[in-house]
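Below: the structure, in structure tokens.
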Amino acid sequence: MNFKAIRGTYDHTPEDMEVWNFVESAARRTASIFGYKEISTPIFEQTGLFKRAVGEGTDVVQKEMYNFTDLGGNELTLRPEGTASVCRAFIEHGMHNKPYPVRLFYIAPMFRHERPQSGRLRQHHQFGVEIFGDSSSETDLEIILLGLTYLESLGIKGLKLKVNSIGTSKSRVEFKKSFEHYMNPLKNKLSEKDQKKYELNPIRILDSKEKSTQDLLLDSPKPIDFLDKDSKEHWEKFINLLDQSIKMFEGVEFEIDKGLVRGLDYYSKTVFEIQPKDSNKAQSSILSGGRYDNLVENIGGPDTPAAGFGSGIERVILNIKENKEEDLDSLQLLIIPASNEGLVVSIKIAQQLRNKNVSTSICSSDRSFKAQMRYANQINANNIIVIGEKEISTNKITIKNLSSKIEKTVDLTSEDILSVLDSNG
RNA sequence: GUGGGCGUGGUGUAGCUGGUUAACACGUCAGGUUGUGGCCCUGAAGAUCGAGGGUUCGAAUCCCUCCGCUCACCCCA
């Protein structure tokens, strides 16, 4: 084999597509019953959009983007996440003039140049929702409930929801001052890795996985302790609503994780993450997001509060224990032509049936009759008919249902065949 | 970018204390009398043993390099 799917990408085989479509349709259905409308944006954008939206200093922008220059000299980037593009489209199409709030969702591929591992790819797909123009706490709650409804509809049980508030950029300045005051004397006790991290972006060491670091952070100031009045009210109302409504979801537990910070710069106030309770995998977060009240304005739009989440479809699929979908894809009718004349008739009949929504294939006349029958069985065809000289001269065909073995003889017309197939199922 | 594990027909594996034509299962294809399948039987195709180099009379088996896959770190969905 000379060519392979490139690292961190993969093919969806026909077998894979069954689960895939199951998940995608659950996403569409859930978003739709919550009143969200689908949007689709190009897979690449100006590099500047992501730099501006995601943040110049983030890992995503610094080392994970697929950047390229096109023949016109434009700096472009394969999108590493969905929110920036949707916000751009929101502004570009003047959606701020629509009745608020505007609810949007997307299912789309994302690209990040990372080292692949379990639950991490270079091309992955996200189901994401965004809600614009509503700064209320119940909006934050709504997207979380949407996310939980989605995961529940896929039969994923035992979820843990982590929530936190990181305040506004203004309140974070206060926090940062206090945090650095606390950390500076302890700085040299950090591991080398975390020291570097601390230099780059102090807040990010809050969710360090290193035990020694976590111990040092036990009594440190946390962003949530520095909320301004507005953020604090927002948070308290949110937690109150969440506490009252989370019980609707069986087996879902939630906790306030004061150390939860996100790797994308645009978040403010509420942030959250959903993961399987029993996950021992490293990449366990399957749905995460939060509020981003400044992003739209930041990339050139009107001041518009917003919130949203992204959920990795591949990671969700890793958590689907059993796929209950039945094999609905089996072919309804396979036609076996038994002569040249039969082949011509087969082609006509097949086309008539397809026009009536019956999935129909014709077997290769190059192969023996036995081979054709075997093929019918291998692909799990529901019914077969043979069209040869006998059928054409008598104008009668026999439809055989392969699972029940029942045979029915009718006139050689698509209407008659259809009526038998309908009664056969 | 850093570290661990692994690379044998389409798939999953055996062989790996070096020795004649690389084995097994599943799958694929063909046949087991002419136009009705699934089981069974027979046969066939299909692998330069990830690539290159080295040691040796001789390597899938030992050594080196590279590549790929995979898991983990970082970060994220």
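For segment A:81-154, a/c is not less than 1.5, where a ≥ b ≥ c are the root eigenvalues of the C-alpha gyration tensor, and a/b does not top b/c. That puts it in the oblate class. For chain A, the longest principal axis of the C-alpha atoms and the axis of helix A:14-33 are separated by about 60°. Computed from Cα positions, the angle between helix A:169-183 and the longest principal axis of chain A comes to roughly 60 degrees. Among the listed pairs A:63/A:196; A:170/A:237; A:51/A:157, those with a Cα-Cα distance over 26 Å are A:51/A:157. Straight-distance candidates among the aspartates and glutamates for linking to residue A:211, with alpha-carbon spacing under 12 Å and chain neighbours fewer than 8 residues away dropped: A:194. Computed from Cα atoms, the angle from the helix A:83-92 axis to the main principal axis of chain A rounds to 90 degrees. Shape class of segment A:22-73 from the Cα gyration tensor (axes a ≥ b ≥ c, square roots of the eigenvalues): prolate, since a/c reaches 1.5 or more and a/b is larger than b/c. Volume per residue of the convex hull around the Cα atoms, evaluated for chain A, comes out as 210 Å³.
Only helices enter the 222 nm calculation for chain A: every DSSP H run of n ≥ 4 contributes -39,500 (n - 2.57), and dividing by all residues gives -11500 deg cm²/dmol, rounded to 500. Just checking the listed ones, A:11, A:134, A:265: in the Gaussian network model of chain A with Cα springs under 10 Å, the one fluctuating most is A:11. Of the cross-linked pairs A:193/A:229; A:189/A:222; A:348/A:408, which ones have a Cα-Cα span greater than 27 Å in the structure shown? Beyond 27 Å: A:193/A:229.
The order of the peptides A:414-421, A:176-183 by mean Cβ neighbours within 10 Å, most packed first, is A:414-421, A:176-183. Express the relative contact order of segment A:333-424 as a whole percentage, based on alpha carbon pairs under 8 Å and six or more residues apart in sequence. Averaging sequence separation for qualifying contacts and normalising by length gives 30 percent for segment A:333-424.
In this structure the amide hydrogen of residue A:287, modeled in the peptide plane, comes within under 5 Å of the amide hydrogens of A:274, none closer than 5 places in sequence on its chain. Taking a Cβ cut-off of under 13 Å around residue A:343, the surrounding Lys, Arg, Asp and Glu residues balance to a net charge of -2, with basic ones at +1 and acidic ones at -1. Each semi-axis of the equivalent ellipsoid for segment A:333-424 is √(5λ) with λ an eigenvalue of the Cα gyration tensor; in descending order they amount to 17, 16, 13 Å. For the options A:95, A:373, A:17, a Gaussian network treatment of chain A with springs between C-alpha atoms closer than 10 Å singles out A:373 as fluctuating the most.
Since every read-out is calculated from the coordinates, none of them should be taken as a lab result. Keep in mind that what you see is a predicted model, and the values were worked out from it rather than measured. Cβ atoms come from the backbone with ideal geometry, glycine included; neighbour counts cover every protein chain shown.
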